[in-house]
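Below: the structure, in structure tokens.
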Amino acid sequence: MTPRGLIRTVIVMIEAQHLTKRYGDKFAVNDISFSVEPGVVTGFLGPNGAGKSTTMRMILGLDRPTSGDVVVNGRRYRDMTAPLREIGTLLDARAVEPGRTAANHLLWLAHSNGISARRVQEVLVTVGLADVADSRAGTFSLGMNQRLGIAAALLGDPPVLMFDEPINGLDPDGIIWIRNIMKSLAAEGRTVFLSSHLMSEMAQTADHLIVIARGRIIATGSVDEIVSANATPSVTVRSSDPDTLNERLVHAGAVTVRGLDGELSVSGLSSAVIGSIAHRADIPLTELSTHGASLEDAFLELTHESTDYRATVGASTGA
Amino acid sequence: MNTTTYTADVRSRPEGPSGDGSQRPVTAIAVGPVSRGTALARTFRAEWTKLRTLRSTWITVGVSVAVSIGFALLNATSTVSEWADMSPKQRAEFDPTSSSLIGVLFAALIFGSLAVRTMTSEYSSGMIRVTFAAIAQRRRVIAAKASLIATIGFTVALASNLLAYFPSQQILRSKHIESSINDSGVVAALVLGAVSVAVVAVIGVGLGTILRRTALAITTLSLAIIGGQIVGLALPESARTYLPSSALQATVSVHRAADLLSAGRAVIVIVLYAAACYAAANLLVSRRDA
């Protein structure tokens with residue numbers, strides 16, 4: 001009912017409270033509460049099977065929560081009569097009818113929400129598919145389908161955008177393109193929520209993180225906060241006598257990992273302390289370098305206890 | 001217009017909002033006026049766009065018309081050539097009207113399958129989630145699909161009935177066994193045959209929604225429409241007349257055989273099947289996860 005030209009001012013966000021989805025006796029999502037706020041890119045990070053997609057389907061009213069509630073802009077999805085104007089989403093880029101052209105796919109979506117047909121052309125230009133507007137979606141590469149899905153999400157010019165694993169299967173150009181579009185949408189003041197199991201991608205795209213594993217939220221905060229709270233920097237040392245050095249470092253309280261060629265990866269001690277220990281032991285160092293803690297380290301630390309299928313390195317008893 | 005435009009070559013992020021920016025209100029910008037007819041009308045328009053933008057819809061229409069007319073003419077021609085050899089009983093039972101409307105069974109099968117696929121193809125491609133995310137009121141989606149295909153099915157079947165009826169009677173005239181449009185029950189057969197195609201389309205949307213898999217739903221539909229002889233073997237004779245396949249046959253019959261319902265009753269029977277199917281679909285679609 002918004003008259004043309006009137007600008008509504010609202011706080012837009014996604015808000016979940018005690019959201020739970022159970023299949024039989026297995027919890028896909030277990031009592032999670034979070035909010036996704038405007039102006040920043042919020043990453044939903046977790047290993048495959050952690051409950052990211054289930055959560056997103058519940059946000060969209062596609063799956064019914066076992067208990068709990070989730071609202072977008074203060075309203076339940078099922079109460080929205082023109083949802084594409086409120087939240088644009090891309091869940092699965094392959095979920096298009098292969099026989100329909102890109103323009104017609106967007107056209108029926110536009111009609112369903114009373115969006116002007118001119119907008120179809122606009123979003124096709126935005127995502128760079130204007131030249132193939134009249135080609136069937138079945139002839140598209142995954143990257144082109146991904147762009148079509150993003151065009152569909154942008155169609156209603158919504159204040160909230162949500163993408164499930166948007167960079168899966170994209171080439172490097174496509175990844176950079178998506179990363180930039182996410183950031184510019186957030187910079188326009190929109191709420192941007194994207195899921196990924198790729199920590200490195202999140203480190204480059206997201207400002208804020210919600211980390212989920214086994215259906216539970218195990219951390220929230222800015223990328224820097226999560227990294228500094230959950231990962232420590234490590235120092236790589238090479239020397240002529242790694243065995244002795246290792247002994248001394250462990251004695252000083254370090255945790256070390258032996259690598260190839262006598263390389264030692266040391267955490268728990270600063271490079272200055274390591275240097276002086278080596279000096280006192282009269283062991284010449286050929287390399288001493290510090291690696292900043294990464295989101296990957298933090299993520300592994302966080303999910304260490306919650307990963308369903310953990311590799312059991314060194315578990316074999318030997319012969 | 002006050003729509004925002006995004007540029008394809010998005011520059012690297014300008015010094016965007018951070019810190020205190022996370023809580024600031026956002027201006028939501030309209031994409032044209034929100035209200036373009038009611039929500040139900042928008043759903044109809046969207047589903048119509050979906051249907052008309054698929055080549056398979058138009059192939060279905062073409063095949064239905066061609067098959068309906070083709071089989072009617074074939075039926076008339078073979079009756080004329082075999083008339084001399086037919087027994088008195090066969091001649092007495094011959095119904096020139098229903099023999100030229102044999103296409104109704106094919107049209108019911110063809111449009112029923114199209115109706116099934118409007119649901120099942122979305123389930124198999126995953127597009128059903130795109131649809132239900134765009135139109136959160138799922139029952140509206142089913143209502144729109146069912147009524148659109150029913151309307152197309154009725155229109156196409158009525159046209160093919162007329163195009164099949166007149167030339168077939170022309171052929172039958174050589175043996176003086178034709179019926180006339182003015183005969184009692186003929187107009188009813190032409191119209192009710194088309195109505196039953198529309199009703200089967202509703203059954204198709206219902207089955208597609210309930211079963212969600214194309215092969216399963218089309219097999220079920222085919223058995224219902226043409227499997228009367230197979231399923232009927234297991235049933236007492238009195239029950240057989242109420243099978244969808246028998247009822248469908250009855251809608252286009254003028255010379256009524258003893259084991260057929262009247263055309264009016266037959267339509268009511270098919271409508272009841274459709275209502276049951278549609279009600280179950282309505283119940284399930286809003287309860288199940290998409």
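The values are calculated or read from the model by the stated rules, or taken from the named source; none is laboratory data. This structure is a prediction, so every number in the text was calculated from the model and none was measured. Because the Cβ atoms are built from the backbone with ideal geometry, glycine has one as well, and the counts that use them run over all protein chains shown.
Here are the numbers:
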quantity	calculated
Qualifying strands (runs of 3 or more DSSP E) (wholly inside the stretch A:169-276; at least 1 residues being in contact (Cβ under 8 Å) with a residue 12 or more places away in the chain and of a type in the set (Asp, Glu))	none
Residues that are within 14 Å of chain A (Cβ to nearest Cβ) and either over 30 Å from B:Arg140 (Cβ atoms) or of a type outside the set (Ser, Thr, Tyr) (or both), drawn from the stretch B:77-126	B:Leu114, B:Arg117, B:Met119, B:Glu122, B:Gly126
Only listed residue being closer than 18 Å to B:Ala134 by Cα and in a loop (DSSP other than H, G, I, E, B), chosen from A:Arg119, A:Arg94	A:Arg94
Check on A:Lys52, facing chain B (nearest Cβ under 10 Å), under 17 Å from A:Ile217 (Cα atoms) and touching a Phe, Trp or Tyr at 6+ places or on another chain (Cβ under 9 Å)	no
Cross-chain or 6+ apart pairs with Cβ under 9 Å, the stretch B:108-135 first and free of Cβ contacts under 8 Å to residues at least 12 places away in the same chain and of a type in the set (D, E, K, R), then surrounded by 24 or more Cβ atoms within 10 Å (Cβ to Cβ) and outside any helix (DSSP H, G or I)	none
Candidate set: the stretch A:59-75, residues that are assigned to a loop (DSSP other than H, G, I, E, B) and more than 9 Å from chain B (Cβ to nearest Cβ); chosen: the one modelled with the lowest pLDDT	A:Gly74
Matching option when the condition is modelled with pLDDT of 95 or more, more than 8 Å from every other protein chain (Cβ to nearest Cβ) and either closer than 30 Å to A:Leu107 by Cβ or in a helix (DSSP H, G or I) (or both), among B:Ala66, B:Ala133	B:Ala66
All positions within the stretch A:121-151 that are polar (S, T, N, Q) and closer than 27 Å to A:Ile59 by Cβ	A:Thr126, A:Asn145, A:Gln146
Some residue of the stretch A:131-149 being out of contact with any Pro (no Cβ under 7 Å at 6 or more places or on another chain), facing chain B (nearest Cβ under 8 Å) and under 26 Å from A:Thr55 (Cα atoms)	no
Of all residues making up the stretch A:107-157, the number that are under 29 Å from the mean Cα position of the chain (by Cα) and not hydrophobic (A, V, I, L, M, F, W, C)	15
Extreme residue, nearest to A:Ile32 (Cα to Cα), among residues of the stretch A:176-223 that are in contact with a Lys or Arg (Cβ under 7 Å, 6 or more places away or on another chain) and buried (at least 22 other Cβ atoms within 10 Å of the Cβ)	A:Ile212
Filtered residue count, the stretch B:199-217, keeping only those that are among the aliphatic types (A, V, I, L, M) and over 26 Å from B:Leu158 (Cβ atoms)	4
Contacts under 8 angstrom Cβ, first residue in the stretch A:80-92 being within 7 Å of chain B (Cβ to nearest Cβ), partner aromatic (Phe, Trp, Tyr), 6 or more apart	A:Pro83/A:Tyr77; A:Thr89/A:Phe163
Only one of A:Gly156, A:Gly128 that is in contact (Cβ under 8 Å) with a residue 60 or more places away in the chain, in a loop (DSSP other than H, G, I, E, B) and either surrounded by 22 or more Cβ atoms within 10 Å (Cβ to Cβ) or touching a Lys or Arg at 6+ places or on another chain (Cβ under 7 Å) (or both)	A:Gly156
Helices (runs of 4 or more DSSP H) enclosed by the stretch B:221-290 - at least 3 residues per element that are of a type in the set (Val, Ile, Thr)	B:263-287
Qualifying residue in the stretch B:253-260 (condition: within 18 Å of the chain's Cα centre (by Cα) and of a type outside the set (Val, Ile, Thr))	no
Selected residue (only one of B:Ala280, B:Ala250 is within 26 Å of B:Ser160 (Cα to Cα) and either under 19 Å from the mean Cα position of the chain (by Cα) or modelled with pLDDT of 90 or more (or both))	B:Ala250
Some residue of the stretch A:261-269 being loosely packed, with under 13 Cβ neighbours inside 10 Å and within 26 Å of A:Met199 (Cα to Cα)	no
Test: A:Leu154 is farther than 18 Å from A:Met56 by Cβ and at pLDDT 95 or above	no
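Residue-wise test of (1) modelled with pLDDT of 95 or more; (2) away from every other protein chain (no Cβ under 13 Å).
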| residue | (1), (2) |
| --- | --- |
| A:Met1 | no, no |
| A:Leu6 | no, no |
| A:Thr9 | no, no |
| A:Lys21 | yes, no |
| A:Ala28 | yes, no |
| A:Ser33 | yes, yes |
| A:Glu37 | no, no |
| A:Thr42 | yes, no |
